[in-house]
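The values are calculated or read from the model by the stated rules, or taken from the named source; none is laboratory data. These numbers were taken from a predicted model, which means no experiment stands behind them. Cβ atoms come from the backbone with ideal geometry, glycine included; neighbour counts cover every protein chain shown. Please note that ligands, DNA and RNA were not included when accessible areas were found on the heavy atoms of the full protein model with its side chains. Shrake-Rupley method; radii C 1.70, N 1.55, O 1.52, S 1.80 Å.
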Amino acid sequence: MTILIIIGMAVITFLFRFVPLLLTNHTNGSSKVQALLEYLPIAVLSALTVPGIIQVDPDVNLVGIASGTVAVILVLIRKIPLPFVILGSVSAAILVKMLTLYF
């Protein structure tokens with residue numbers, strides 16, 4: 001039964017990722033529909049990421065907010081490669097956690 005659930009989730013995940021590709025390449029719809037389909041993955045990723053950032057540490061919400069803010073700043077302003085963004089975010093989270101433990 002567990003194998004069937006895993007296979008079902010894999011198929012659904014694949015379809016959710018593959019169908020928008022088909023729609024964006026073959027639709028001759030209006031520019032509003034094209035813009036919607038273009039920005040849909042970013043909106044979904046944001047909707048999944050933001051609650052996770054806020055709930056990183058239930059005791060200190062500032063840890064997730066600080067690491068998320070550092071990640072956004074590094075990606076948007078400096079165009080830094082992903083490993084350095086991850087390192088910066090983790091460093092910010094550790095720094096904020098240490099500061100909240102001492103103060």
Once you've got the GNM for the chain with C-alpha springs shorter than 10 Å, pick whichever of I86, I53, I12 has the biggest mean-square fluctuation. I12
Restricting to Cα atoms and excluding each atom paired with itself, what does the Kirkwood estimate give for segment 13-103 in Å? 15.5 Å
Would you tally the net charge around K97, using a Cβ to Cβ cut-off of less than 12 Å, leaving K97 out, and scoring K and R as +1, D and E as -1? -2
Contact order relative to length of the chain, as percent, for alpha carbon pairs under 8 angstrom and 6 or more apart: 18 percent
Filter the DSSP H helices in the chain by two things, a Kyte-Doolittle mean of at least -1.0 and an axial alpha-carbon span of 24 angstrom or more, and list the hits by number. 2-26, 31-54, 82-102
Quick one: accessible area per residue over the chain, 1.4 Å probe, rounded to a whole number of Å²? 82 Å²
A 1.4 Å probe over the protein heavy atoms gives the chain a carbon and sulfur accessible-area percentage of 77 percent
